[in-house]
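The values are calculated or read from the model by the stated rules, or taken from the named source; none is laboratory data. All values derive from a computational prediction rather than experimental measurement. All Cβ positions, glycine included, derive from the backbone under ideal geometry; neighbour counts span all protein chains shown.
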């Protein structure tokens, strides 16, 4: 009897949810379901049509290249560089004569140099910040967030590396003889302007070998010989491109492998992405690396494969696509663009083909605008603000 009474007391002690509490829990659960459904809808949504919201004519040449720079539109060609808002209002422009202009950016600074020429312009969002005329042809250059630039020049069998501040003052210099140290392929400078990486191709032994050197011109490199912090050698591989993608990360893009480095006081190889198929294209931004290789479709017919990795070397997704292409890039929102100049596809960060459309004419660039479905489209003759929709 006592046990039954105790059991009844225990049962009576169990709390009961009040009706207001039940109502609140149901409301919260409903909100969670709605939010999850909305997120999934955003991720999985696909679009195949376009609404043109605004059109204005282009007044430049067909050779002009476009890109987003700090929320405004940058256009550059052999004759000069223009910086406008997306309504076409001029912010600044700078004239020059360059046969092969190349752009590098880092936060608020922009560098344009003439590859194989001798002219350099350093710009910011406000306009001209500095200019440099070199005495030797420029092979590569890069810019930091403070406007410090690194320049690689070559003459005969000697390569010269100079580091300048934004005003053109020489901060550091060095040289390498190609018959001893190899052929410099590319350079990159860190965002803070204190670290430098150089990739070299060495054929002296009769076999292909690439070497990457890391230098530090800050306090960490003072006691190191020639400020050299680390050397990494890779046999049977050509590494034509290096870059600092985030202040604690650097990448080296080889013909069969992509290496991701941590660049603290002592650089170290953190991850290696091995590509067994033939690499057709590699593109990257500060967060992702994209690789396009040869592949086959489900029917066994030749196709292409897009793979996207994060900066830890983890593959986020891969997609087979059959269309040809002549350009591929990441937009600032992390979406991937693949186009042949007429048909354009957008893949979101989860590997979903968000947009696929045949514009029927030459398209130069797609740039994200306000919201997730609005873009600026650079056509052969016009600049359009569009919204992607469904038929």
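Counting only residues that are touching a strand residue (DSSP E or B) at 6+ places or on another chain (Cβ under 6 Å) and not in a strand (DSSP E or B), segment 249-261 holds 0 of them. Residue count for segment 101-123, restricted to those that are surrounded by fewer than 20 Cβ atoms within 10 Å (Cβ to Cβ) and either at pLDDT below 95 or under 19 Å from the mean Cα position of the chain (by Cα) (or both): 6.
In this structure, residue 360 does satisfy being in a loop (DSSP other than H, G, I, E, B), farther than 16 Å from residue 284 by Cα and over 15 Å from the mean Cα position of the chain (by Cα).
Entry remark, segment 353-373: residues being surrounded by fewer than 15 Cβ atoms within 10 Å (Cβ to Cβ) and either modelled with pLDDT of 95 or more or farther than 19 Å from residue 334 by Cα (or both) number 4 in total. Has segment 292-305 got any residue that is within 24 Å of residue 85 (Cβ to Cβ) and modelled with pLDDT of 95 or more? So far as segment 292-305 goes, no, none of its residues is within 24 Å of residue 85 (Cβ to Cβ) and modelled with pLDDT of 95 or more.
Restricting segment 216-247 to residues that are assigned to a strand (DSSP E or B) and within 23 Å of the chain's Cα centre (by Cα), the residue that is farthest from residue 152 (Cα to Cα) is 246. Hey, can you tell me all the residues within segment 171-192 that are under 19 Å from the mean Cα position of the chain (by Cα) and either assigned to a loop (DSSP other than H, G, I, E, B) or at pLDDT below 95 (or both)? Across segment 171-192, the qualifying residues are 190, 191, 192. Scanning segment 66-74 turns up no residue that is free of Cβ contacts under 8 Å to residues at least 60 places away in the same chain, in a strand (DSSP E or B) and within 21 Å of residue 159 (Cα to Cα). Give the residue that is nearest to the chain's Cα centre (by Cα), with candidates limited to residues of segment 316-331 that are touching a residue at least 24 places away in the same chain (Cβ under 8 Å) and surrounded by fewer than 17 Cβ atoms within 10 Å (Cβ to Cβ). Residue satisfying both the conditions and the ranking: 331. Residues that are in contact (Cβ under 8 Å) with a residue 60 or more places away in the chain and either over 23 Å from residue 391 (Cβ atoms) or out of contact with any strand residue (DSSP E or B) (no Cβ under 9 Å at 6 or more places or on another chain) (or both) within segment 332-348 comprise just one, 332. From the list 147, 168, the one residue that fits, being surrounded by 20 or more Cβ atoms within 10 Å (Cβ to Cβ), touching a residue at least 24 places away in the same chain (Cβ under 8 Å) and assigned to a loop (DSSP other than H, G, I, E, B), is 147.
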